[in-house]
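Shown next, in C-alpha coordinates, is the structure this report addresses.
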Amino acid sequence: MRFIPLTDGDKREMLAAIGAPDVATLFADIPPAARIDHRLAIPEAYAEQELFDHMEELADANGTVHPSRLFLGAGCYPHYTPAAVDQLLLRSEIFTAYTPYQPEISQGTLMAIHEFQTYVAALTGMDIANASMYDGASALAEAVIMATRINRKKKIVLSNLVHPHWREVCGAYTQHLGIT
(Lines give C-alpha, C1' and ligand atoms only; values in the text may rest on other atoms or scores of the structure.)
Protein backbone atom coordinates (compact mmCIF):
# COMPACT_ATOMS: atom_id res chain seq x y z
CA MET A 1 0.00 0.00 0.00
CA ARG A 2 1.46 3.33 -0.99
CA PHE A 3 1.65 6.18 1.50
CA ILE A 4 1.10 9.69 0.20
CA PRO A 5 1.39 12.24 2.99
CA LEU A 6 -1.08 15.13 3.19
CA THR A 7 -0.06 18.76 3.28
CA ASP A 8 -1.84 21.21 5.58
CA GLY A 9 -3.58 22.56 2.48
CA ASP A 10 -4.79 19.07 1.57
CA LYS A 11 -6.22 18.64 5.07
CA ARG A 12 -8.02 22.00 4.96
CA GLU A 13 -9.49 21.14 1.56
CA MET A 14 -10.71 17.75 2.77
CA LEU A 15 -12.27 19.22 5.92
CA ALA A 16 -14.01 21.89 3.83
CA ALA A 17 -15.38 19.21 1.48
CA ILE A 18 -17.08 17.37 4.38
CA GLY A 19 -18.08 20.57 6.19
CA ALA A 20 -15.95 20.11 9.31
CA PRO A 21 -14.07 23.10 10.77
CA ASP A 22 -11.23 20.95 12.16
CA VAL A 23 -10.13 17.37 12.79
CA ALA A 24 -11.32 17.49 16.43
CA THR A 25 -14.90 17.84 15.16
CA LEU A 26 -14.59 14.40 13.58
CA PHE A 27 -14.15 12.89 17.05
CA ALA A 28 -16.93 14.87 18.80
CA ASP A 29 -19.10 11.73 19.18
CA ILE A 30 -16.44 10.01 21.30
CA PRO A 31 -17.19 10.67 24.98
CA PRO A 32 -14.55 12.92 26.57
CA ALA A 33 -13.79 10.24 29.20
CA ALA A 34 -12.76 7.85 26.42
CA ARG A 35 -10.46 10.33 24.68
CA ILE A 36 -6.75 10.61 25.33
CA ASP A 37 -5.98 14.25 26.11
CA HIS A 38 -2.23 13.89 26.61
CA ARG A 39 0.73 12.92 24.48
CA LEU A 40 1.38 9.20 24.38
CA ALA A 41 4.59 7.91 25.94
CA ILE A 42 5.99 6.56 22.68
CA PRO A 43 9.58 5.32 22.93
CA GLU A 44 12.36 6.49 20.63
CA ALA A 45 12.22 5.18 17.10
CA TYR A 46 13.86 1.84 16.30
CA ALA A 47 15.75 1.03 13.14
CA GLU A 48 13.67 -1.29 10.97
CA GLN A 49 15.52 -4.47 11.97
CA GLU A 50 15.52 -3.47 15.66
CA LEU A 51 11.75 -2.94 15.55
CA PHE A 52 11.31 -6.32 13.84
CA ASP A 53 13.40 -8.01 16.56
CA HIS A 54 11.49 -6.18 19.32
CA MET A 55 8.11 -7.20 17.91
CA GLU A 56 9.33 -10.79 17.58
CA GLU A 57 10.35 -10.75 21.27
CA LEU A 58 6.87 -9.53 22.21
CA ALA A 59 5.26 -12.18 19.99
CA ASP A 60 7.41 -14.90 21.59
CA ALA A 61 5.59 -14.18 24.85
CA ASN A 62 2.51 -15.77 23.25
CA GLY A 63 3.91 -19.25 23.87
CA THR A 64 3.74 -20.53 20.30
CA VAL A 65 6.35 -22.67 18.57
CA HIS A 66 8.89 -20.54 16.69
CA PRO A 67 8.65 -21.31 12.93
CA SER A 68 12.32 -22.27 12.66
CA ARG A 69 11.77 -25.00 15.25
CA LEU A 70 9.10 -26.71 13.18
CA PHE A 71 11.66 -28.00 10.66
CA LEU A 72 9.34 -27.17 7.79
CA GLY A 73 10.19 -25.26 4.65
CA ALA A 74 12.74 -27.52 2.94
CA GLY A 75 15.40 -24.83 2.94
CA CYS A 76 13.15 -21.76 3.02
CA TYR A 77 13.67 -20.38 6.51
CA PRO A 78 12.85 -17.04 8.13
CA HIS A 79 15.18 -14.24 7.13
CA TYR A 80 15.12 -10.48 7.22
CA THR A 81 13.90 -8.64 4.14
CA PRO A 82 13.85 -4.82 4.36
CA ALA A 83 10.38 -3.32 3.91
CA ALA A 84 11.65 -1.35 0.92
CA VAL A 85 12.02 -4.62 -1.02
CA ASP A 86 8.27 -5.35 -0.82
CA GLN A 87 7.50 -1.83 -2.01
CA LEU A 88 9.98 -2.02 -4.88
CA LEU A 89 8.45 -5.31 -6.01
CA LEU A 90 5.10 -3.52 -6.40
CA ARG A 91 6.53 -1.19 -9.04
CA SER A 92 4.87 -1.90 -12.37
CA GLU A 93 8.13 -2.10 -14.31
CA ILE A 94 9.26 -5.01 -12.10
CA PHE A 95 5.84 -6.65 -11.68
CA THR A 96 5.19 -7.04 -15.40
CA ALA A 97 3.36 -10.07 -16.70
CA TYR A 98 5.18 -11.99 -19.41
CA THR A 99 4.40 -15.11 -21.35
CA PRO A 100 4.78 -18.00 -18.86
CA TYR A 101 6.33 -20.37 -21.41
CA GLN A 102 9.37 -18.14 -21.84
CA PRO A 103 12.47 -19.15 -19.84
CA GLU A 104 12.79 -15.76 -18.21
CA ILE A 105 9.23 -16.06 -16.78
CA SER A 106 8.85 -12.31 -16.38
CA GLN A 107 10.29 -9.16 -17.80
CA GLY A 108 10.60 -7.96 -14.20
CA THR A 109 13.15 -10.69 -13.47
CA LEU A 110 15.34 -9.51 -16.34
CA MET A 111 15.03 -5.90 -15.21
CA ALA A 112 15.91 -6.80 -11.61
CA ILE A 113 18.99 -8.72 -12.80
CA HIS A 114 20.05 -5.77 -14.93
CA GLU A 115 19.58 -3.33 -12.03
CA PHE A 116 21.50 -5.63 -9.67
CA GLN A 117 24.41 -5.94 -12.10
CA THR A 118 24.46 -2.17 -12.61
CA TYR A 119 24.53 -1.44 -8.87
CA VAL A 120 27.16 -4.08 -8.11
CA ALA A 121 29.40 -2.67 -10.83
CA ALA A 122 28.90 0.87 -9.49
CA LEU A 123 29.50 -0.14 -5.85
CA THR A 124 32.62 -2.20 -6.58
CA GLY A 125 34.06 0.09 -9.25
CA MET A 126 34.17 -2.77 -11.76
CA ASP A 127 33.46 -2.16 -15.44
CA ILE A 128 30.95 -5.01 -15.50
CA ALA A 129 29.25 -7.45 -13.12
CA ASN A 130 27.36 -10.61 -13.97
CA ALA A 131 24.23 -12.00 -12.33
CA SER A 132 22.70 -14.03 -15.10
CA MET A 133 21.36 -16.98 -13.14
CA TYR A 134 17.57 -17.03 -13.11
CA ASP A 135 17.23 -18.96 -9.89
CA GLY A 136 19.16 -20.28 -6.92
CA ALA A 137 18.97 -23.93 -7.97
CA SER A 138 20.74 -23.42 -11.29
CA ALA A 139 23.22 -21.03 -9.66
CA LEU A 140 24.04 -23.72 -7.07
CA ALA A 141 24.52 -26.34 -9.79
CA GLU A 142 26.79 -24.01 -11.77
CA ALA A 143 28.80 -23.28 -8.60
CA VAL A 144 29.22 -27.02 -7.98
CA ILE A 145 30.47 -27.57 -11.53
CA MET A 146 32.85 -24.61 -11.28
CA ALA A 147 34.20 -25.79 -7.91
CA THR A 148 34.87 -29.32 -9.17
CA ARG A 149 36.66 -27.99 -12.23
CA ILE A 150 38.81 -25.61 -10.19
CA ASN A 151 39.84 -28.09 -7.49
CA ARG A 152 39.85 -31.08 -9.88
CA LYS A 153 37.84 -33.23 -7.46
CA LYS A 154 34.77 -35.18 -8.44
CA LYS A 155 33.00 -35.35 -5.07
CA ILE A 156 30.86 -32.67 -3.45
CA VAL A 157 28.90 -32.49 -0.22
CA LEU A 158 25.55 -30.73 -0.11
CA SER A 159 23.95 -30.05 3.25
CA ASN A 160 20.59 -31.67 3.88
CA LEU A 161 19.41 -28.15 4.69
CA VAL A 162 19.63 -27.32 0.97
CA HIS A 163 16.16 -27.49 -0.58
CA PRO A 164 15.53 -31.00 -2.01
CA HIS A 165 14.55 -29.55 -5.39
CA TRP A 166 17.86 -27.68 -5.55
CA ARG A 167 19.71 -30.92 -4.81
CA GLU A 168 17.76 -32.58 -7.65
CA VAL A 169 18.79 -29.78 -10.02
CA CYS A 170 22.44 -30.31 -8.98
CA GLY A 171 22.06 -34.02 -9.73
CA ALA A 172 20.57 -33.30 -13.15
CA TYR A 173 23.38 -30.88 -14.02
CA THR A 174 26.19 -33.16 -12.82
CA GLN A 175 24.95 -36.68 -13.62
CA HIS A 176 26.92 -36.97 -16.87
CA LEU A 177 30.02 -35.15 -15.61
CA GLY A 178 31.21 -37.91 -13.29
CA ILE A 179 30.55 -35.77 -10.20
CA THR A 180 29.31 -37.58 -7.11
key: Hey, A84 modelled with pLDDT of 65 or more and part of a loop (DSSP other than H, G, I, E, B) or not   = no
Cβ pairs under 6 Å, 6+ apart, first in the range 165-180 and in a loop (DSSP other than H, G, I, E, B), second surrounded by 13 or more Cβ atoms within 10 Å (Cβ to Cβ) = I179/T148
task = Kindly check whether there is at least one residue in the range 127-141 that is of a type outside the set (D, E, K, R), assigned to a helix (DSSP H, G or I) and more than 30 Å from S92 (Cβ to Cβ).
result = yes
ask   = Considering only residues of the range 127-149 that are more than 13 Å from I179 (Cα to Cα) and open to solvent by 100 Å² or more (accessible area, probe 1.4 Å), which is modelled with the highest pLDDT?
value = D127
query = Which of (1) among the β-branched types (V, I, T); (2) at pLDDT 80 or above; (3) not in a helix (DSSP H, G or I) is the odd one out, the single condition V120 does not satisfy?
reply = (3)
ask   = If you go through the range 27-43 one residue at a time, do you hit one that is more than 30 Å from V162 (Cβ to Cβ), loosely packed, with under 11 Cβ neighbours inside 10 Å, at pLDDT 90 or above and in contact with a helix residue (DSSP H, G or I) (Cβ under 8 Å, 6 or more places away or on another chain)?
value = no
inquiry  = Are there helices (runs of 4 or more DSSP H) fully within the range 1-64 with at least 2 residues that are of a type outside the set (D, E, K, R) and within 27 Å of A83 (Cβ to Cβ)? List them.
reply    = 48-60
query = Among (1) open to solvent by less than 50 Å² (accessible area, probe 1.4 Å); (2) at pLDDT below 90; (3) part of a helix (DSSP H, G or I), where does E104 come up short?
reply = (3)
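The values are calculated or read from the model by the stated rules, or taken from the named source; none is laboratory data. As the structure is a computational prediction, the values presented were derived from the model and not from experiment. Positions of Cβ are generated from backbone atoms using ideal geometry, with glycine treated the same way; all protein chains shown enter the neighbour counts. These area figures cover heavy atoms from the full protein model, side chains too; ligands, DNA and RNA do not enter into them. Shrake-Rupley method; radii C 1.70, N 1.55, O 1.52, S 1.80 Å.
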